[in-house]
Structures are given as C-alpha cells and as structure tokens.
1. Within the range 87-127, track down each residue that is crowded, with 24+ Cβ neighbours inside 10 Å, out of contact with any Lys or Arg (no Cβ under 6 Å at 6 or more places or on another chain), farther than 20 Å from residue 10 by Cβ and not β-branched (Val, Ile, Thr).
2. Sort through 38, 47 and tell me the only one that's assigned by TED's automatic domain parsing to the domain that holds residue 146 and within 28 Å of residue 171 (Cα to Cα).
3. Here's a check for you: in the range 225-247, which residue that is among the small types (Gly, Ala, Ser) and not in a loop (DSSP other than H, G, I, E, B) is surrounded by the fewest Cβ atoms within 10 Å (Cβ to Cβ)?
4. Can you tell me which residue among 287, 298 is part of a helix (DSSP H, G or I), modelled with pLDDT of 95 or more, out of contact with any Lys or Arg (no Cβ under 7 Å at 6 or more places or on another chain) and surrounded by 14 or more Cβ atoms within 10 Å (Cβ to Cβ)?
5. Is there a residue being over 23 Å from residue 335 (Cα atoms), among the aliphatic types (A, V, I, L, M) and not assigned by TED's automatic domain parsing to the domain that holds residue 117 anywhere in the range 169-189?
6. When you scan the range 226-243, do you find a residue that is farther than 23 Å from residue 340 by Cα and outside the structural domain of residue 137 (by TED's automatic domain parsing), even just one?
7. Of the residues that make up the range 154-175, is at least one under 22 Å from residue 101 (Cβ atoms), basic (Lys, Arg) and either within 12 Å of the chain's Cα centre (by Cα) or surrounded by fewer than 22 Cβ atoms within 10 Å (Cβ to Cβ) (or both)?
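The values are calculated or read from the model by the stated rules, or taken from the named source; none is laboratory data. On a predicted model such as this, the values are computed, not experimentally measured, just so you know. Every residue, glycine among them, receives a Cβ derived from its backbone with ideal geometry; neighbour counts consider all protein chains shown.
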Amino acid sequence: MSTIIVGTPVITGLGELFKAHGLSKKTVLLFDEHTRKLFGDELLKRLHHEDFQLKELVVPAREASKSFSVAYKLYGSMIEADVDRSWNLMAVGGGVVGDLGGFIAASYFRGIPVIQLPTTLLAMTDSSIGGKVAINHPLGKNLIGFFHSPELVLIDPSYLASLPLREIYAGMAEVVKYGFIADEPLFSFLDLHFNDITALQEPYLTEAVKKSAFIKDEVVTKDFRETDGLRATLNFGHTFAHGLEKLAEYRHLRHGEAVTIGMVCALFLSHNLGYLDRQSLERGLTLLQKFRFPKGLLKRRFLDIDRDQLLESMFSDKKKLNKKLRFVLLKKIGEAFLLEDNIDDQQVLKAIEEAQAQLSPVNLR
C-alpha cells in the first residue's frame, strides 16, 4: 500500500517527508519535455533548497518513450552519474513517464524506490497508483514490466490547469470507471458534477481525485498481483479499449478516449448477457454521453471501423488469458466482476455495434 498525499502545493517539505519514509535525498528526476518545462524549475529549486542530490533525465513526451531503447539510454545516464541502490527515482508526468520511471526503478540495481508525482488526471487517479509499471512492444502495449509499488504518490490537482480539455476528458474516463465498478455514490456525484470537474472547479475536482485515488489503492492493496480477480475489475472497458488503441497504433487515440468507448461497449455486453438491468444501462450511458471527443476522431477511430477487425485486435490484449478474452462486466452500478467464460464472438460484435449506434456526433466538440 502506497502513501498517497493530495494537496496544493504537494511538493512543500519533501525533505522531511522523504526522511519519514526512509528515503534518501539522492533522487533521479525523470521528466518528459512538457513536464520539465512546466514544473521542472520550481521542483528543482525546492529540492536544491532542501539539499537534495539530483540527477535530471528528460524524455520525449510521447508513447514511444516507453521502450527498451529509451530505457537503455536512461540506464546509461544513471550509471555514468554513479547512481546506485542508495538513490530513488521520482517520475514527474503522466502515464508514460510514470510507467517508464517505474520500470526503470524496478529494474535498476534490481530495484530502487520510486516516487510518483503525476501531472495528468489519468495518472493522478489511475496509472501512478498500484505499482504496475511497464514498457511497450510493437506487438502490444504494456506487455513487459513489473509490479513495483511507489513509496509515495504526490498528487497536486492544481497541476491540471496546464492540461488541454482533451486530456481532462481522457482522465475523467478512469474517474468515472471507479463509480461504475466500486462506488455508486461516487457515480452519482460524478453524474451531478461532471461539468464542474471537467472545468476544474473546486471542491469537486479534489473530491473526485481523492475518491478515485483511494479506491484504486484499496483495490490494489487487497489484490496486488491480480490473483483473485478483484484488481482485474479495474480494467472495466479496457479489453475493448486496448483493441482500439492497437488499431490506432497507440498514437491517434488517447487511452482515456479508448476506455470511454470501451465502457459503452462493456455496458451493452453486461446488459445483453443478462447481468445489468435496463435502467442501470441507461444511467451508465447517460453519464458516458457527457464525454466529448475531438471533431472527427470518434468517427475515424470507432464509428467507421470494422467490428471484426476490432475483435481481432482485442485478441492481442494482455487482458486475455489462454487465448480467451476476459471481460469486466457490471451486475449493477458500483459492482463489477470478472467474466472469464468463453463469450460468443457474436455477442461481442453486437455490443460493439450497439456502442457505435449509441455514440454519435453529439459527442464531438
């Protein structure tokens, strides 16, 4: 279980915080080009003021940075700087930096502590928490990695002011997911205050971030290595989503955008298989209709795609087991379960078709 701190400014007093958690003041700071420009100077100033010994690393701000080649270069920079196992690594950024930083920390000197300082809504509420860290392979996303829990997750909702609206919507997909799978009151709160949260209005934003982060941490604590199916419920909508991401070459579709579409598909599949009643289906679809996609993206990346091609792409997803697709479905709003039985392909194709009919130009902006 990680220590999660939510506050503004969250980087105040890091020296004492590190000491309290047995962390040294020798820290590798990993940024991407954007987070270095936005947050680097202030963070470096504060850490130097508190007598930290630092090694700064910067990677391109793109999914392709989650690769062996980029990791190899970073290992070399750390070795040349005499970074050893007495150091720790702080990942400052979104999911790419968090995953890459966690992967490097888990493998360098057989493991050094990692601290996550997420700067996107998706990272604050999902990817920075739980210790799943990975890099990509051309044949699939996040296939090579470790379980390596962060010692600290430092969340400052004020960082979100730097994000374009597209990234806020992408992050909201993971926030909404927690309402679907584990917390009906959170679902109702998000339905009522969706526009407040996407406009970064307080106290709604911090409330949504806190609830999401602690739900993720609670689930992970109970099932860290995904052995009893509980942690797998965090993947609601993701089997469809990762198929969509692969078709989009991991470039043209944000993860959260794919998850939003995937949750629509999963709602229809849950209902069609007899698990979710019609009223709950409609409630779920109403909330997901609040999401907006860039003009043309939804049409090109989902509405116009071939359903059979998407199904084939889903079989490359790591959510499958023994060549069978595994789906997280809902029994009701706030209660999810993992279904590992063989599901007829026609049922999956039908859910995709219904989702394509449900999502429309009204979701474009």
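1. Listed by number, the list holds a single entry, 103.
2. Values: 47 fails: within 28 Å of residue 171 (Cα to Cα).
On inspection, the qualifying residue turns out to be 38.
3. Of all residues in the range 225-247, those among the small types (Gly, Ala, Ser) come to 229, 232, 237, 241, 243.
This time we only want the ones that are not in a loop (DSSP other than H, G, I, E, B), so: 232, 241, 243.
Working: 232: 22, 241: 27, 243: 26.
Within the range 225-247, the match that is surrounded by the fewest Cβ atoms within 10 Å (Cβ to Cβ) is 232.
4. On the way: 298 fails: modelled with pLDDT of 95 or more.
Selected residue: 287, the only one of 287, 298 that is part of a helix (DSSP H, G or I), modelled with pLDDT of 95 or more, out of contact with any Lys or Arg (no Cβ under 7 Å at 6 or more places or on another chain) and surrounded by 14 or more Cβ atoms within 10 Å (Cβ to Cβ).
5. No, every residue in the range 169-189 fails to be over 23 Å from residue 335 (Cα atoms), among the aliphatic types (A, V, I, L, M) and not assigned by TED's automatic domain parsing to the domain that holds residue 117.
6. Step one: list which residues in the range 226-243 are farther than 23 Å from residue 340 by Cα, which gives none.
Scanning the range 226-243, I find no residue that is farther than 23 Å from residue 340 by Cα and outside the structural domain of residue 137 (by TED's automatic domain parsing), so the answer is no.
7. If we filter the range 154-175 for residues that are under 22 Å from residue 101 (Cβ atoms), which is where we start, we get 154-160, 162-163, 167, 170-171, 174.
Then keep just the ones that are basic (Lys, Arg); that gives none.
No: zero hits.
Results for (1) out of contact with any Asp or Glu (no Cβ under 9 Å at 6 or more places or on another chain); (2) among the hydrophobic types (A, V, I, L, M, F, W, C); (3) buried (at least 17 other Cβ atoms within 10 Å of the Cβ), shown as yes or no for each residue.
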site: 13; (1), (2), (3): no, no, no
site: 16; (1), (2), (3): no, no, no
site: 22; (1), (2), (3): no, no, no
site: 47; (1), (2), (3): yes, yes, yes
site: 65; (1), (2), (3): no, no, yes
site: 68; (1), (2), (3): yes, yes, no
